[in-house]
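Notes to accompany the following structure.
The values are calculated or read from the model by the stated rules, or taken from the named source; none is laboratory data. Predicted model only: the values in this text are computed from it and were never measured. Reconstructed Cβ throughout: ideal geometry from the backbone, glycine too, with neighbour counts over all protein chains shown.
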């Protein structure tokens with residue numbers, strides 16, 4: 001969920017220490033996100049995060065880092081020019097709307113004092129961020145909107161900024177207990193008061209209170225938020241809240257609201273960023289997979305043509321043995337099938353424009369064509385099945401990407417395998433990059449479990465594992481190589497956990513009773529010349545696994561403790 005006006009009010013109260021802080025650095029990791037690194041006596045060293053994504057939009061303080069693009073966007077360069085070295089002099093929210101104006105004061109190249117402001121609008125798909133000069137003229141914005149039939153206003157450089165009209169709703173922070181007691185449902189609260197999302201409205205209205213008690217409870221909770229008395233919590237399945245919801249024993253308290261938002265959005269932000277950065281690779285792989293599957297479908301039809309082949313051959317042989325008189329212009333002839341006893345009369349279709357011998361030759365030609373197609377299909381099916389599994393594993397690897405190094409490894413591999421072309425002038429040579437690392441989990445028995453995120457990692461992981469380590473993989477499906485750093489067979493619980501990870505990081509993660517092969521790594525071999533990630537193994541045993549999300553979450557907690 002995106003941040004609502006009430007949560008934004010609480011966040012600005014928490015971030016009031018930014019007033020007077022100096023902006024050290026400006027970053028734009030993606031098209032929706034800005035990061036302003038600041039330091040000051042009231043906040044220390046911290047980053048101001050601005051995200052205008054339609055689902056993940058928010059303003060918060062964060063200590064997380066983000067990867068920057070190779071070339072900074074134009075808007076980021078302008079922000080660096082105008083904001084770097086300036087101080088934050090004001091933070092103003094428009095009522096409880098999701099609109100915030102940050103004011104900055106600094107000096108230009110001639111050391112003259114300058115002022116500008118950054119206006120952030122968290123309006124879903126219409127969200128935007130504007131850099132304004134001291135006269136309110138747009139210097140630039142994240143999303144340019146020109147004149148059009150659906151444009152409510154023009155959002156372009158050198159245009160006077162027009163603020164959005166305020167909501168015609170009551171401010172819940174100034175409402176009395178009597179007014180709030182009339183609220184009987186989350187929908188009524190959302191429709192009657194500004195700045196409250198559906199999720200927050202649900203958390204604000206406990207079912208256990210009657211109308212009078214509900215009004216007083218709402219009043220007390222809202223007054224605490226108005227005075228900056230925050231109790232940040234994260235409610236699983238719902239999201240962050242600046243207060244502790246009544247009757248929610250599953251609510252997780254956090255020291256600050258910013259940490260609460262970081263915990264909720266960290267994985268979501270990464271997933272969205274990876275989907276954007278892997279979009280072209282995903283389209284290439286999906287196209288190649290569709291083409292491969294179409295070939296498999298066509299060759300499967302050829303493999304089923306044996307009966308038709310025999311029929312064509314039989315018709316040709318029967319026509320060659322025909323010595324009777326053919327009726328003039330006949331499109332079929334009755335011949336004896338001497339392959340049956342007693343011989344039976346069968347009708348063989350003819351082309352009236354051809355002689356009986358020419359029709360027989362035509363049948364033999366069609367027979368030879370089908371026979372050759374079936375032989376070719378038999379030779380190609382194994383290769384196509386292997387390619388299909390490879391492409392499925394690459395699509396799965398894109399879902400496992402966590403950073404740019406993971407994506408670069410997949411891109412370089414696809415260049416080597418000739419699925420995509422290298423950048424002009426660079427050839428297919430592998431560029432210098434940091435080797436990405438496999439996922440590292442900790443079993444309940446304290447053993448390390450490693451999971452490859454792509455074919456390159458799978459090969460490195462399997463190649464470097466000790467001979468007596470346990471190797472696991474989902475049977476006959478695309479998936480990650482899993483290594484348990486154990487000397488011999490681990491305990492049953494670790495085996496179950498490793499097998500569950502193998503299923504979770506495979507194309508069968510939504511299945512039930514999924515077979516997982518496991519074997520000592522010494523029995524795993526990589527054939528010479530095979531595709532990345534492809535191995536063969538012997539002496540394996542198989543375990544049936546139904547994925548358990550709770551077990552996966554437990555193992556993820558273990559990762560945080562050891563990394």
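Some values worked out for this structure:
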read-out: Some residue of the stretch 242-255 being outside the structural domain of residue 46 (by TED's automatic domain parsing), within 29 Å of the chain's Cα centre (by Cα) and not in a loop (DSSP other than H, G, I, E, B); value: yes
read-out: Search result, residues across the stretch 213-237 that are part of a loop (DSSP other than H, G, I, E, B) and either modelled with pLDDT under 90 or surrounded by fewer than 19 Cβ atoms within 10 Å (Cβ to Cβ) (or both); value: 227, 228, 229, 231, 236, 237
read-out: Within the stretch 464-493, tally of residues that are part of a strand (DSSP E or B) and under 29 Å from the mean Cα position of the chain (by Cα); value: 8
read-out: Lone unmet requirement of (1) under 23 Å from residue 195 (Cβ atoms); (2) out of contact with any strand residue (DSSP E or B) (no Cβ under 7 Å at 6 or more places or on another chain); (3) not assigned by TED's automatic domain parsing to the domain that holds residue 24 for residue 164; value: (2)
read-out: Matching entry among 563, 461 (being farther than 21 Å from residue 386 by Cβ and modelled with pLDDT under 95); value: 563
read-out: Residues (part of a loop (DSSP other than H, G, I, E, B) and either without any contact (Cβ under 8 Å) to a residue 12 or more places away in the chain or touching a helix residue (DSSP H, G or I) at 6+ places or on another chain (Cβ under 6 Å) (or both)) located in the stretch 327-347; value: 327, 328, 340, 341, 342, 343
read-out: Residue in the stretch 95-109 that is surrounded by fewer than 14 Cβ atoms within 10 Å (Cβ to Cβ) and either part of a loop (DSSP other than H, G, I, E, B) or in contact with a helix residue (DSSP H, G or I) (Cβ under 7 Å, 6 or more places away or on another chain) (or both) present; value: yes
read-out: Any hit, the stretch 57-66, residues being more than 17 Å from residue 164 (Cα to Cα), in a helix (DSSP H, G or I) and free of Cβ contacts under 8 Å to residues at least 24 places away in the same chain; value: no
read-out: Test: residue in the stretch 478-488 that is surrounded by fewer than 22 Cβ atoms within 10 Å (Cβ to Cβ), free of Cβ contacts under 8 Å to residues at least 24 places away in the same chain and over 30 Å from residue 417 (Cα atoms); value: yes
